[in-house]
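Below you'll find the structure, written out as structure tokens, and then a few comments.
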There are 2 protein chains.
Amino acid sequence: MQQEITRVALDAMGGDNAPGELVKGAVDAVNGRSDIKVLLVGQQDVVEKELKQYSYPKEQIEVVHAEEVIETAEPPVNAIRKKKQSSIVVGMNMVKQKEADAFVSAGSSGAILVGGQVIVGRIRGIERPPLAPLIPTEKGVSLLIDCGANVDARASHLVQFAKMGSIYMENVLGIKNPRVAIVNIGAEEEKGNALVKETFPLLKECTDINFVGSIEAREIPHGEADVIVCEAFVGNVILKLYEGLAGTLVGAIKKGMMSTLRSKIGAALALPALKSTLKTFDASQYGGAPLLGLNGLVVKTHGSAKAKEVTNSIYQCVTFKEQDINGKIKKNILGSAEQEGM
Amino acid sequence: MQQEITRVALDAMGGDNAPGELVKGAVDAVNGRSDIKVLLVGQQDVVEKELKQYSYPKEQIEVVHAEEVIETAEPPVNAIRKKKQSSIVVGMNMVKQKEADAFVSAGSSGAILVGGQVIVGRIRGIERPPLAPLIPTEKGVSLLIDCGANVDARASHLVQFAKMGSIYMENVLGIKNPRVAIVNIGAEEEKGNALVKETFPLLKECTDINFVGSIEAREIPHGEADVIVCEAFVGNVILKLYEGLAGTLVGAIKKGMMSTLRSKIGAALALPALKSTLKTFDASQYGGAPLLGLNGLVVKTHGSAKAKEVTNSIYQCVTFKEQDINGKIKKNILGSAEQEGM
């Protein structure tokens, strides 16, 4: 049997550490697995100069020239429309044209969200493509869905998020019968805002997901659910607060430990163990956030992504393809919808 | 000049540590200051039995009998309506009848929010009374307003929250010209959901507050604003995630430090300094959350409040009265509204 190759277009120009860490992540990925081809999208001379430092199987990396770069501060809709030769637009067009199975970028979130919808396009019947990062918990990771740009969502969107999230966690992360919960301000069904109250009974009716009810934000770090459903504004607040608070606490702890001579000695002894603990709460360890429900796969990695996160994101794309996530989304979520002529 | 006495009705029966820590908190409060009278509301025999352990100026504590107790799990509206002899209803009625200046409770949040509106009542012209806890940051504390039960708020509510929060921080916490920000998913004015987009320009127009624009959740722990405005669903998510994540991280750190012999020795040396650092991130250090905009003051303390938080909450009521916060709210927020006949 011939080995199936997953072709990942990688934005070599996006993110704080471009192109160095992106190119290194690509090289590490192909040196680790032979079933991948990385299409490095970016300014050819810049990318090739980086590549020269490394040894790797030449047939597994190809440079695709893209003259322009979309900056983080650019208004996304404009950037996608005008910069046709940018690494994001070129990479996404490759997914659209089926020249790549997935596109990975650490660049402008806004441009990636807009490009995903406008260029790659939604699966027919999917109302909105949610951005779904993994967040670290005491017990492992949970999928937070949606953290994207789709604010003011409707109940039907949240139901699709729940189903897509469940498929992703079961098949990409290998969590059997993942627990799906909706973010709420109390555990009871009658609690919540208008959106949650409308969505809750719809989720209860879904026979194809393991809906466990409401989750209060307090319980999220304890890993009380595998798929955490919310609309994008709330999801963004959760994700950003997670990152901000973890960073602040770690900073305060380090400062606190340097405050006395006694604690300084203690710190020197305890820090290695402490660092490995805190690493499990570092979201960047877990690869990028998929934008689900598209005709192909788009993965947004952290702007500050280093090579390891890039490599992990590329491997994530392989699993996504191998497990035929989009096929499962079409079958499980849209099976009935298609019969209704949607 | 005769000393002005602040009369605080304290729910002796509410919270995880009732009545012990509540009664102790009351005793500590009156032993610390002579300008306070605490009206301990609860089952007389139970409360008096606790009181007997302590020595304190007898004229500063009075027990007010309330036969019933509202449990945390009870539906709030029902509980307030039916349990007329509960400590919460009796205590709130004392505020309504001007027999007490304030009511402090660690009991059911729902019952306190409902009772505040139904029994104590809103200041005429205030559309919604927000619950406004202080949250710890790198630089001190910020007021998170609203974390209450008022989900699905309107823009006009958020504008009142901003003004009331600003008055509270300036006069109770003593922060000059407090920076007011609205929780958003990006820094630009055009970012946000429908509610934030509608509220942002209204806040910009307010000449009586120091509006500094949007705040992303990531920046909250860094103390980038003194008054953080949001609707209650988002506020509740922020508050609960703050508590949950801080607790989880501290737990993980302790566990991490016990993982090797070397780190155990380090931990023993560093823990005292570490503990004092982490204490500044413990929300319970900062007293209770006021329910603002009522005809009187209602303060909700943590369900797990210990004596120290109870004492701090009682002192908070004194400052609230001394600074005439409700007078300032009426003058500054409703001055123009009253002229318009509201």
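Listing for the model above:
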quantity: The stretch B:77-131: C-alpha gyration tensor shape, a/c 1.5 cut-off, then a/b vs b/c; calculated: oblate
quantity: Length released on extending from residue B:280 to residue B:5, taking residue separation times 0.36 nm less the Cα-Cα span; calculated: 95.9 nm
quantity: Of all chain B residues, the one whose C-beta is nearest the axis that brings B onto A, in angstrom; calculated: B:266, 2
quantity: Rounded to whole Å, sorted largest first: equivalent-ellipsoid semi-axes of the stretch B:130-283, Cα gyration tensor; calculated: 35, 16, 13
quantity: Cα-only radius of gyration and Dmax that characterise the stretch A:1-94, units Å; calculated: 13.8, 47
quantity: Built amide H within the under 5 Å cut-off of residue B:64, gap 5+; calculated: B:40, B:41, B:42
quantity: By average C-beta atoms within 10 angstrom, highest first, the peptides B:20-28, A:8-16, A:194-202; calculated: A:8-16, B:20-28, A:194-202
quantity: Lysine pair count for the stretch B:130-283 [Cα-Cα under 26 Å; pairs on different chains or 8 or more apart]; calculated: 29
quantity: Spin-label model distance (nm) - residue B:85 vs residue B:59, 7 Å beyond Cα toward Cβ; calculated: 3.2 nm
quantity: HN-Hα J in Hz across the stretch A:296-310 - Karplus 6.51, -1.76, 1.60, θ = phi - 60°, x for Gly and Pro; calculated: x, 10, 10, 10, 9, 9, 4, x, 8, 4, 9, 3, 4, 5, 5
quantity: Most mobile of B:147, B:206, B:230 in a GNM of chain B (Cα contacts under 10 Å); calculated: B:206
quantity: Whole-percent pair-distance distribution, where bins are 20 Å wide, for the alpha carbons of the protein assembly as shown; calculated: 17, 45, 29, 8, 0
quantity: Fraction of beta bridges assigned by DSSP in chain B that are antiparallel (%, nearest 5); calculated: 20 percent
quantity: Partner chain coverage, peptide B:210-222 - average Cβ within 10 angstrom; calculated: 4
quantity: Expected 222 nm ellipticity per residue - DSSP helices of 4 or more, -39500 (n - 2.57), all of chain B, to 500; calculated: -14000 deg cm²/dmol
quantity: Beta bridges by DSSP in the stretch B:130-283, antiparallel share as percent, to the nearest 5; calculated: 25 percent
quantity: Ascending list, in nanometres, of distances separating the residue B:205 label from those of the other copies (7 Å, Cα toward Cβ); calculated: 4.2
quantity: Shape of chain A, Cα gyration tensor, a/c cut at 1.5; calculated: oblate
quantity: ³J(HN,Hα), Karplus 6.51/-1.76/1.60, whole Hz, each residue of the stretch A:80-85, x for Gly, Pro; calculated: 5, 6, 8, 8, 5, 9
quantity: Once the Cα gyration tensor of the stretch B:237-330 is diagonalised, semi-axes √(5λ) in Å; calculated: 38, 14, 9
quantity: For residues of B:257-268, the mean tally of beta carbons on other chains within 10 Å; calculated: 5
quantity: Sorted by Cβ density within 10 Å, fewest first, the residues B:134, B:143; calculated: B:134, B:143
quantity: The protein assembly as shown, dipole about Cα centre (Lys/Arg Cβ +1, Asp/Glu Cβ -1), debye to the nearest 20; calculated: 1180 debye
quantity: Options A:222, A:211, A:268, ranked by Cα towards positive dipole end of the stretch A:190-275, top entry (Cβ charges); calculated: A:268
quantity: Antiparallel content of DSSP bridges confined to the protein assembly as shown, in %, to 5; calculated: 25 percent
quantity: Listed peptides B:291-298, B:316-323 by packing density, highest first (mean Cβ within 10 Å); calculated: B:291-298, B:316-323
quantity: Only Lys, Arg (+1) and Asp, Glu (-1) charged, at Cβ; chain B dipole about Cα centre in debye; calculated: 640 debye
quantity: Top positive-direction residue, dipole computed over chain A with Cβ charges, set A:117, A:161, A:143; calculated: A:143
quantity: The stretch A:143-148 - phi-based ³J(HN,Hα) in whole Hz, Karplus 6.51/-1.76/1.60, Gly and Pro as x; calculated: 8, 9, 9, 10, 10, x
quantity: Exercise: per-residue mean of other protein chain Cβ atoms within 10 Å, B:225-238; calculated: 4
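Throughout, read-outs are computed from the coordinates displayed, never taken from laboratory work. None of the values given here were measured: they were computed from a predicted structure. Cβ atoms come from the backbone with ideal geometry, glycine included; neighbour counts cover every protein chain shown.
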